[in-house]
Amino acid sequence: SSIQVQVPTYKSYNLIGNFYTKRIQHRARGILETSTVCQKSNTKFLVNATSGHPLESEPKAYPNTPWNSAKNALDAFYRFSRPHTVIGTALSIISVSLLAVEKLSDISPLFFTGVLEAVVAALFMNIYIVGLNQLSDVEIDKVNKPYLPLASGEYSTLTGIMIVTSFSIMSFWLGWVVGSWPLFWALFVSFVLGTAYSINLPLLRWKRFALVAAMCILAVRAVIVQLAFYLHIQTHVFSRPAVISKPLIFATAFMSFFSVVIALFKDIPDIEGDKIFGIKSYTVRLGQEKVFWTCVSLLEMAYGVSILVGATSPYTWSKVI
């Protein structure tokens, strides 16, 4: 299509020229003002971002009251303690303790006291292990888990050291005071393997090697937790001879599969940081999708065997479940 253009006269040309000159100058001033505002906003954004505070966290937005300080401290410790491991440890100990119950009268205050002693001592040791792992992985966690207190800067290295030291001492102290050798040895072996898994010393930091890392987790979750805490209830609480029952063998076998899955699954979301810092996990070597479906297959096998064991049980309630 064509556009007809009417050429203006000299006078009208001057009027039009003056109009557009003024308009361009006005637009230019607006752009400069907008640019200045954007620069100030950008500077403010960068300052807030590098300081680790949310954009809306102005000084008066969240007053530093004792209640807010206590809430923030509890939230930081909650994240530091890795609550999913705390829940898993507590449920494991309670369930394996119930395997030692033979009759209804065994459910007594003595039983609950023994379980509580085991759970508290194990949780103290659990916090030591996950805390030490974070102390050893600060740079990796800045990539993989920037929300953790040490990675985000909420906790200093000294604070982390004080927490893990105090919780390891409290764990051993409680195990010693209780006087149960199965409990004490469970804590000691967990301490040794947890330290060797994480700490960055010659011949240690076993998490660098996929097979050794998986064996550490399997040893603690599948063997130590099942056998030691069962024997704690069986021998120390009920004062019965140490007997390895069929339910205990089944639980240990099932948790062996489950612990391998834990060891593999936990590395799937951490692939970026592990690649950067040379952690040769199976996820890094084989890829996330392959490891994911391997874990699913292992779980299907474990649950499939469980269904068969339950279906062939002489107990009706076990068949139903």
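The values are calculated or read from the model by the stated rules, or taken from the named source; none is laboratory data. Please read these numbers as outputs of a predicted model, since none were measured by experiment. Glycine also receives a Cβ, built like all others from the backbone with ideal geometry; neighbour counts cover every protein chain displayed. Quick note on the areas: whole protein, heavy atoms, side chains included, nothing else; ligands and nucleic acids left out. Shrake-Rupley method; radii C 1.70, N 1.55, O 1.52, S 1.80 Å.
Which ones in the range 136-157 are buried (at least 19 other Cβ atoms within 10 Å of the Cβ), in a helix (DSSP H, G or I) and modelled with pLDDT of 90 or more?
136, 149, 150, 151
Restricting attention to the range 287-310, report how many residues are without any contact (Cβ under 8 Å) to a residue 24 or more places away in the chain, assigned to a helix (DSSP H, G or I) and out of contact with any helix residue (DSSP H, G or I) (no Cβ under 6 Å at 6 or more places or on another chain).
Narrowing the range 287-310 to residues without any contact (Cβ under 8 Å) to a residue 24 or more places away in the chain: 287-290, 293, 296-297, 300, 303-304, 307-308, 310.
Adding the requirement that they be assigned to a helix (DSSP H, G or I) leaves 288-290, 293, 296-297, 300, 303-304, 307-308, 310.
Filter again for out of contact with any helix residue (DSSP H, G or I) (no Cβ under 6 Å at 6 or more places or on another chain), leaving 289-290, 293, 296-297, 300, 303-304, 307-308.
Of the residues in the range 287-310, 10 are without any contact (Cβ under 8 Å) to a residue 24 or more places away in the chain, assigned to a helix (DSSP H, G or I) and out of contact with any helix residue (DSSP H, G or I) (no Cβ under 6 Å at 6 or more places or on another chain).
Considering only residues that are among the aliphatic types (A, V, I, L, M), surrounded by fewer than 17 Cβ atoms within 10 Å (Cβ to Cβ) and outside any loop (DSSP other than H, G, I, E, B), which ones fall in the range 204-214?
The answer is 211, 212.
Quickly run through the range 229-254 and pick out the residues that are assigned to a helix (DSSP H, G or I) and free of Cβ contacts under 8 Å to residues at least 60 places away in the same chain.
Within the range 229-254, 231, 235, 246, 249, 250, 252, 253, 254 qualify.
If I filter the range 272-286 down to residues being among the hydrophobic types (A, V, I, L, M, F, W, C) and in a helix (DSSP H, G or I), which single residue comes out as most open to solvent (accessible area, probe 1.4 Å)? Let's see the steps before the verdict.
Our first condition is that a residue be among the hydrophobic types (A, V, I, L, M, F, W, C); within the range 272-286, this holds for 276-277, 279, 284, 286.
In the following step, the residues that additionally are in a helix (DSSP H, G or I) were identified as 276, 284, 286.
On the way: 276: 112, 284: 45, 286: 96 Å².
Per the stated criteria, the residue is 276.
Picking from 187, 201, which residue would you name as being assigned to a helix (DSSP H, G or I) and either open to solvent by 30 Å² or more (accessible area, probe 1.4 Å) or over 17 Å from residue 111 (Cβ atoms) (or both)?
187
Condition first: more than 28 Å from the chain's Cα centre (by Cα) and over 17 Å from residue 253 (Cβ atoms). Now tell me which residues in the range 294-321 satisfy that.
Residues satisfying the conditions are 314, 315, 316, 317, 319, 320, 321.
Mind checking whether some residue in the range 98-115 is in a helix (DSSP H, G or I), within 17 Å of the chain's Cα centre (by Cα) and either farther than 20 Å from residue 247 by Cβ or modelled with pLDDT under 90 (or both)? Before you say what the answer is, go through the steps one by one.
If we filter the range 98-115 for residues that are in a helix (DSSP H, G or I), which is where we start, we get 98, 104-106, 109-115.
Okay, now just the ones that are also within 17 Å of the chain's Cα centre (by Cα), so none.
Checked against the condition, which is being in a helix (DSSP H, G or I), within 17 Å of the chain's Cα centre (by Cα) and either farther than 20 Å from residue 247 by Cβ or modelled with pLDDT under 90 (or both), the range 98-115 yields no hits at all.
Residue 73 - would you say it is open to solvent by less than 30 Å² (accessible area, probe 1.4 Å), small (Gly, Ala, Ser) and either at pLDDT 90 or above or under 21 Å from the mean Cα position of the chain (by Cα) (or both)?
no
For the range 78-87, what are the residues that are in contact (Cβ under 8 Å) with a residue 40 or more places away in the chain and either open to solvent by 20 Å² or more (accessible area, probe 1.4 Å) or not hydroxyl-bearing (Ser, Thr, Tyr) (or both)? First the steps, then the outcome.
To start, the set of residues in the range 78-87 that are in contact (Cβ under 8 Å) with a residue 40 or more places away in the chain comprises 79-82, 85-86.
Scanning the range 78-87 gives 79, 80, 82, 85, 86.
Residue under question is residue 321, and the condition is that it be over 21 Å from residue 212 (Cβ atoms), hydrophobic (A, V, I, L, M, F, W, C) and open to solvent by 80 Å² or more (accessible area, probe 1.4 Å); does it hold?
Values: over 21 Å from residue 212 (Cβ atoms): yes; hydrophobic (A, V, I, L, M, F, W, C): yes; open to solvent by 80 Å² or more (accessible area, probe 1.4 Å): yes.
Judged against the criteria, residue 321 is a match.
Anything in the range 46-70 that is open to solvent by 100 Å² or more (accessible area, probe 1.4 Å) and either modelled with pLDDT of 50 or more or touching a Lys or Arg at 6+ places or on another chain (Cβ under 9 Å) (or both)? List them, or say none.
62, 64, 66, 67
Taking residue 160, is it among the small types (Gly, Ala, Ser), closer than 26 Å to residue 204 by Cα, in a helix (DSSP H, G or I) and open to solvent by less than 20 Å² (accessible area, probe 1.4 Å)?
yes
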